[in-house]
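Coordinate-derived values only; no laboratory data. The structure displayed is predicted, hence computed values, not measured ones. Using ideal geometry, Cβ is built from the backbone for each residue, glycine included, and neighbour counts are taken over all protein chains shown.
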Amino acid sequence: MGVIESALEKLRRNGGAAESTVIRQQAVALESWSSAGGGPEVVPSRVITLDRTRLRAAGYLPEVGHELRFADYYREIKRPLIQRALAAGAPANQRLILVASSLPAEGKTFTALNLALSIARERDLSVLLIDADFVKAQIGRVLGVHEEPGLLDAIADPSLDIESLVIGTNIKGLDILPGGRTSGGAAELVGSGRMSEIAARLVARNPRRLVLFDSAPLLVSSEARALNHLPGQIILVARSGVTPRRALQEAIAQLDNKKLKGLVLNNAYATSHSHYYGYPVPVGRGPGGDMV
Amino acid sequence: MNPSLQQLFDQFVGVWRYRWPAVGAAMVAAFVGWGIVFSMPDRYEAETQVLVDSRTALKPALKDLTNDQDVGVQLSYVQQSLLVDAQLCRIVNAAGMLPECAADPGAAQIPLAQIRKRIQMAVQSIDDRSGQPGSAGATFDITYQDEDRGHAFKVVSVLLDTLIAQTMGGKRQGSEHAQEFLGSQLKEYEKRLQTSEDKLAAFKSQHLGLLPNDDGGYFAQMQKENQAVAEAKITLLMAQNRRATLEGQLHGNAAVLASSVVQPSNANGSPATDTASEIAATQAHLDELLLKFTDKHPDVIATRAALASLKARRAAEIVSLRSGDAAAAAATGASSNPVFQSIQLALNKTDVEIADLRTQLEQHESKAHDLHQLVDTAPQVEAEYSQLTRDYDINKAQYAALLSSYDKSKLGQSADAAGSVGFHIVQPPTVSFKPVSPKRSALLAEVLVVALAAGLALAYALDQFNPVLGSASAVAQLTGLTVLAEVGPAFPTRAKVISRRELRHVSIAIVCLVAVFLIELSLSGAGLRLDIPALQHMVRTWV
């Protein structure tokens, strides 16, 4: 295991645009082989490469030189989520995590993507990031997969296997599911029984897989509200200095308080925790360890 | 970070969102305000000062002799009355303004009110050494502001003249009123006094004798009479006792003794005629005879018989004396005895005295009886009398007081005419050459400050209307949720650039505003005025 992992680490570090398809396929093969005991592992039919420069330019990755600090933030966020998702006897839907916000432009997609990347770094966890903002499809657009069939297609067409629509990435443990083609009635599709079925299938396939929904703003879109009942955990994203207090309160009122696990405050200009500015601080050991 | 500092920072971030509305509002407010300031008409101020001297040489001389009318009160009264519409209209007309108000003062109420606002009259009292406020008079400042220098001057002049004329006139009028009143009151009281005098006289003549005099009232008199009766009775009793004693002495042993005393021979040698003397003489004769003769001698026998008869007569005399027979007394010679005579005299005197006392007693008794019979009527009369007297006294006192006041008032008027209050014009009416109002520089600065404050207030209000999230602690407090992480700015460099740029732009906007203000200051000094009639009209109605 150590050999494989170190090879994967190396791959990841060398990752980005320069990575060759051969090595990538090799890595995928290695991974599927190594985690064969975890259940029927499906190798995504299509694998894409995350272009960090492009993502950064589009505003979905932090500025160069601040990665460590941001890694700290998302480690902080993911730890309690993973803890609950993998707790003994936890219901399967605890592994469905909705990233919601009240209004657009509060850093929802940023949070979802960075959180997904952070979870993917966990050695024995994989994460599926679903672009559930069907109108904007920000993740799909930035990764160039917004034209691909996705979640909506799978709901609309029962003959489609959801797993066949999952797109792999060059980052181990991170898969993407595009939103799919919008043809109106997205809210009804999302609210249908078929959606619940798909969600159940997604988490049933692999017990160490977490599913992250990057949803549309709660106060703007009805799909987001239709999606509310599915996930076991919801985190709410807000932007300091931007999100109106009333909007946040309204969003909270729309959500199930038991599922609402916390709040991510973006653009926090001042904090009481000095270690966010890069000072080393002992980090508690949650499941998944403390590796960066 | 300090929680309160954090809160302040949150607030700042919230307000900062509305920086451009704030800057816009400040600019609009500033330019509107400056427009108003520049269209405000210039005003010139006319001023005059007069000293009202109420302490002239006459005043101490007339102290207590005249009724002093308070000049201060008169002044403030005139001051108030000057500003009444009709009066003010007359003044303003005299100054050549607002000719329409003479016809209809009601129609010119608004311009009159504006003029009134621009008139200021300040009274400052001057104390003399007594420390009594206003005792030495007062200085009176009159100022008036107008857009026209000539009008300003005229209004102040007319105001000053009117003030002096009305204060003096008012004072004279006041004392005339007082005299008139006092005169009518005097007549009234004279009449009343007359009436009460008549009543009193009539009553006195009707109840003559029943009225209390110097000896006191009815009860005092009655008491006195009763006492007199008692005293007379005692005196009478004493006199009667004395008489009884004297009588006893006259008839008793004293008389007998007196009669037995042999009287010396009278000066003319005639023998005493009373029995006791005869007995003594006969006894002596008998003793002489017995020396010469025996008892058988006839002479002796005869003498002895004569003596015996004399003694018998003597015994009979004593008996009759004891019974008080005056003839007997005379016969026995007792009456010629001085002791007897003095007793007799005293007795006679006592008798006279008793008769006298009896008469007196009777008199007193009848008087007391009379008084006693008046027990019901007399006190009533007395009460009525005292009431009448009191009325009379009061009327008399009042009349006297009024008379003195009347005299004082007359004297005071003469004193005023002679100049016990003096008006000295300290500063004759003058008008400034430079406009005193508006103070444009100050107003321009005020407008700037107010505009900036208004912008800030707008941003603050907008933020309050739509508050945003601040720090994590505030958010946690607001929502009650766990804040999983405070994710710092993803692009701090870019954010810094943007925020600096914003700060710079806002600063430039404010600096521009201040620069405009500075330019305006110099323009205002150079005499720039905006001549916008609508704005000027608005300003006139406001200011």
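Here are a few things to note about the model shown:
- The peptide list A:164-171, B:346-353, put in order of mean Cβ contacts within 10 Å with the highest first, becomes A:164-171, B:346-353.
- B:Q120 versus B:S76: modelled label distance in nm, points set 7 Å from Cα along the beta carbon direction: 2.0
- Vicinal HN-Hα couplings computed from phi for segment B:486-496 (Karplus, 6.51 cos²θ - 1.76 cosθ + 1.60; Hz; Gly/Pro x): 9, 7, x, x, 6, 10, x, 5, 5, 4, 5
- For the listed peptides B:533-540, A:241-248, A:256-263, a ranking on the average number of other beta carbons within 10 Å per residue, highest first, reads A:241-248, A:256-263, B:533-540.
- Taking θ as phi - 60° and the Karplus parameters 6.51, -1.76 and 1.60, the scalar couplings of segment B:458-474 work out to 4, 4, 5, 5, 4, 5, 5, 5, 9, x, 10, 6, x, 6, 4, 5, 5 Hz in sequence order, x denoting glycine and proline.
- Annotation: amide H-H contacts under 5 Å for A:I130 (H modelled 1.01 Å from N, sequence separation of 5 or more, or interchain): A:L177, A:L212, A:F213, A:D214.
- Under 11 Å, Cβ to Cβ, from A:N266 - net charge with Lys/Arg +1 and Asp/Glu -1: 0
- At R0 = 51 Å, FRET efficiency that the Cβ-Cβ distance of B:E176 and B:H372 yields, to 0.05: 0.25
- Neighbour net charge for B:R149 - beta-carbon separation under 14 angstrom, K R +1, D E -1: -2
- Candidate cross-link partners of A:K136 among the lysines, defined by an alpha-carbon separation under 23 Å and a same-chain spacing of 8 or more, comprise A:K108.
- Long-range HN-HN contacts of A:L260 with modeled amide H, under 5 Å: A:I234
- Averaged over the residues of A:243-254, the number of partner chain Cβ atoms lying within 10 Å of the residue Cβ comes to 3.
- Neighbouring partner chain Cβ atoms per residue of B:471-480, average, 10 Å criterion: 5
- Cross-link reach is defined here as a Cα-Cα straight distance under 12 Å, omitting same-chain residues fewer than 8 places apart; for A:K78 the aspartates and glutamates meeting it are A:E122, A:D290.
- Extending 7 Å from the Cα toward the beta-carbon at both B:E231 and B:A401 defines two label points whose distance is 4.4 nm.
- Here the Karplus curve 6.51 cos²θ - 1.76 cosθ + 1.60, taken at θ = phi - 60°, turns the phi angles of segment A:102-112 into couplings of 7, 10, x, 6, 10, x, 5, 5, 4, 5, 4 Hz, with x standing for Gly and Pro.
- Label-reachable residues, segment A:54-89, where backbone N falls under 18 Å from a point 7 Å from B:A476's Cα toward its Cβ: A:73-81
- Taking 0.36 nm per residue of sequence separation and removing the Cα-Cα distance, the B:L345/B:N93 pair yields an extension gain of 79.0 nm.
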